[in-house]
Amino acid sequence: MCILSGEWAIISRFSELIGGSFLFKSLKFRIFLLVMLVGMIPMFIVRGIILAEYEKNAVAARTSEAVNNFHILADYLDSSGYIYDPSSDAVSREIDQLSNLYDGRVLVINGDYRIVRDSYGISDDKTIISQEVIKCFRGGEATKYYGRDHFILVSVPILSLADEERDETQGVILALVSTEGIKDTLAHVSRNSSVILVSVGIIVFALAIFLANLMILPFSKITSAISSMEAGYDKKPIDVKSYAEMDSILGALNQLLERMRTLDESRQEFVSNVSHELKTPLASMKILADSLVMQPDAPVEMYREFMEDITHEIDRENDIISDLLSLVKMDQKEGTLNIKLVNINELLEMILKRLRPLAEQNNIELVFESIRQVEAEIDEVKLTLAFSNLIENGIKYNRKDGSVRVVLDADHKFMSLEVSDTGIGIPQEHIANIFERFYRVDKSHSREIGGSGLGLAITRSAILMHRGSVKASSVEGEGTTFTVRIPLTYV
Ligand code: ADP
C-alpha cells in the first residue's frame, strides 16, 4: 500500500513535469498509448502463459519419473527387508544414488514412523509424523510441488508384496526432488524472451509514433487550412480528405463559414444600401439649394416651391432613419420582446382608425372582417408596426377607388390575419424578394409614394420574433394578399 502510494506520487510528479493534463488530453498521445498497449500486453500475456505451461509440464514429467523410480525403490526395500534390517549397504547405496539423481533427500520411514534411513544422514532414528506420511500409510502416494523453494515432495508407500492378499503398507519413502534444473531453464527462457520483448517493444514504439502521427495528420491539415483562412470568408470551403466523422464536422464548419460569408455580404450590401438611400434625399436637397444659390434674383414663389421640396426630402430622410431604427430594434434578440396578452381585434381597430385618413385621401375603402374575437400573447408595439405596414402598403399600392380587406381569424393554436388589396399587384418574379431590406419592385413609384423599402423587412422580422410566418401571393394588376400566422401563446 505504502509502495503503491509512493509509486503513484512519482507517476503524478512525472506527469506534472511533462505537462500531464495536456499530454493525456492529446489524441496523438492516446493513439500512441493504445498502440503500445495493444502491441505489448498480448506479448507479456503470451510470455507468461508459455513460461507457466513449461513449468507445469516439466514439473509433471519430473514428478512422474521420480514417483516411478521411488516405486521401484519401494519394491526393492520390501524384497530386501530393509525396513526391518537397514544394514544392507547395497540398498543404502541405491537410496543414495536416487538421492543424488534427484539432487534431493530421501527418507525411509518404517511402520512406527521412525526414520530408518536419511540420505543426508542427519535424521536417522528420529520419528516423523507428517500429513504426507500419514496419507501414504492410509494407502496412496502423494506429491506436492513447492515452486518457491524449488522442490517436489514425493511420498511413496512401501507395500508388502509377500502377502498379496493384504497388500500391507510397511513403510514410506519420503523424498525431496530438486527442481533447480527447471528453475534454471525457466530463467534462461525468461531472459531470452525478455530480449525478444525489448526488440518487439522498440518496433511497437516506432510503429506507435508513426501511427499516432499518421492518424493525427488530417487534424493538422484542417488546423492549417483554418489558420490559412484570413479574416475573410471569401475562400473556398475547407476540403481535407479525412475520416467519415471528420467529414461531418467539416461539413458543419463549411456551412458555418458559408453562413458567415453570406452574413458578411448582406451586412456590406446593407451598409451600401443605407448609404445610398440616405444620400438620395441629400443629393436632391443639394440640387435644390444650389439652384437657388445660383439664381440670386429668383422669385419668392420659386423659393417657396424649392423649400417645400427640400422639406419633403427632409421628411423622407427622417422616415428612412426611423425605419432603420425600427429594423435595428427588430434585429435584437428575442429577450427584447415585451409580451402581453392583447386583444387583437381592438389592436386592428386602432390601426385601421389611424390609417383611415390615408385611405380616404386615395378614396380607398378599408374593410375589417373579424371571424372571432382573438386574444394572443404578443409584443403590442412590434406587431402594431408589422400589421400597420401591411395595411399601409395595401393602401399605398392600390388603385384609385380600390379597397383593402383585413380578415382576422384563429384556431386553437394560431391567429391568422389576411390583408388583401385590389392594387397594382406584384410580378411573380419579385414576390420572393419583397421582404428583403430596401427591395422595391418599382423604385421610382415606391419613392414617389414615400416608401423606404424597409417596411416589409420590419414586418417579417417582427413576425419571426413571434415565431410566426408571413407570405405573399399576388396577381399583377389585380391585387395582393399577405397572410400572417402567429401562435396565440408565446413559448
Ligand atoms: P416600401 O417602403 O417601398 O413600401 P416595403 O418593404 O413595404 O417597402 O415593400 C417593398 C416593396 O414591395 C414595395 O416597394 C413594393 O414594390 C412592393 N409591395 C409591398 N406591398 C405591396 C402591395 N400591397 N402591393 C403591391 N406591391 C407591394
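The values are calculated or read from the model by the stated rules, or taken from the named source; none is laboratory data. No experiment lies behind these values; they were computed from the predicted model shown. Ideal geometry is used to build each Cβ from the backbone, glycine not excepted, and the neighbour counts take in all protein chains shown.
Based on this model, can you work out whether Val342 counts as under 24 Å from Val475 (Cβ atoms) and surrounded by fewer than 21 Cβ atoms within 10 Å (Cβ to Cβ)?
no
Identify the residue in region 390-445 that is among the aliphatic types (A, V, I, L, M) and more than 27 Å from Gln361 (Cβ to Cβ) and, among all such residues, is nearest to the ligand (Cβ to nearest atom). So that I can check it myself, show each step before the final result.
Initially, region 390-445 is screened for residues among the aliphatic types (A, V, I, L, M), giving 390-391, 395, 404, 406-408, 410, 415, 417, 419, 424, 426, 431-432, 434, 441.
Filter once more, so that each one left must be more than 27 Å from Gln361 (Cβ to Cβ): 410, 415, 431-432.
Values: Ala410: 23, Met415: 21, Ile431: 9, Ala432: 11 Å.
Step by step, filter region 390-445, then rank; the result is Ile431.
If you check Ser227, Ser242, which single one turns out to be part of a helix (DSSP H, G or I), free of Cβ contacts under 8 Å to residues at least 40 places away in the same chain and either of a type in the set (Gly, Ala, Ser) or loosely packed, with under 12 Cβ neighbours inside 10 Å (or both)?
Matching residue, one of Ser227, Ser242: Ser227.
Residues that are free of Cβ contacts under 8 Å to residues at least 12 places away in the same chain and under 39 Å from the mean Cα position of the chain (by Cα): list the helices (runs of 4 or more DSSP H) wholly contained in region 405-491 that include at least 1 such residues.
Details: elements: 428-431, 443-448, 455-465.
Per the criteria, 455-465.
For the list (1) within 16 Å of the ligand (Cβ to nearest atom); (2) aromatic (Phe, Trp, Tyr); (3) modelled with pLDDT of 95 or more, I need the number of the one condition that Phe368 fails.
(1) is the only condition that Phe368 fails.
Just one of the numbered conditions (1) more than 11 Å from the ligand (Cβ to nearest atom); (2) surrounded by fewer than 21 Cβ atoms within 10 Å (Cβ to Cβ) is not true of Ile449; which one?
(1)
Looking only at residues in region 75-100 that are in contact with a helix residue (DSSP H, G or I) (Cβ under 9 Å, 6 or more places away or on another chain) and part of a helix (DSSP H, G or I), which one is surrounded by the fewest Cβ atoms within 10 Å (Cβ to Cβ)?
Of the residues in region 75-100, the ones in contact with a helix residue (DSSP H, G or I) (Cβ under 9 Å, 6 or more places away or on another chain) are 76-77, 80, 82-83, 86, 88, 90-91, 94-95, 98.
The next check asks that each one be part of a helix (DSSP H, G or I); those that pass are 76-77, 80, 90-91, 94-95, 98.
On the way: Tyr76: 16, Leu77: 26, Ser80: 15, Ala90: 9, Val91: 20, Glu94: 18, Ile95: 22, Leu98: 20.
That would be Ala90.
Sort out which residues of region 39-95 are of a type in the set (Asp, Glu) and touching a residue at least 60 places away in the same chain (Cβ under 8 Å), and write them in order of number.
Glu55, Asp75, Asp78, listed by residue number.
Of the residues that sit in region 101-150 and are polar (S, T, N, Q), without any contact (Cβ under 8 Å) to a residue 40 or more places away in the chain and part of a loop (DSSP other than H, G, I, E, B), which one is nearest to Ala60 (Cα to Cα)?
Going through the qualifying residues, I end up with Ser119.
Sort through Glu277, Glu265 and tell me the only one that's more than 45 Å from the chain's Cα centre (by Cα) and at pLDDT below 85.
The conditions single out Glu277.
Of the residues that sit in region 286-339 and are part of a helix (DSSP H, G or I) and of a type in the set (Gly, Ala, Ser), which one is surrounded by the fewest Cβ atoms within 10 Å (Cβ to Cβ)?
Gly335
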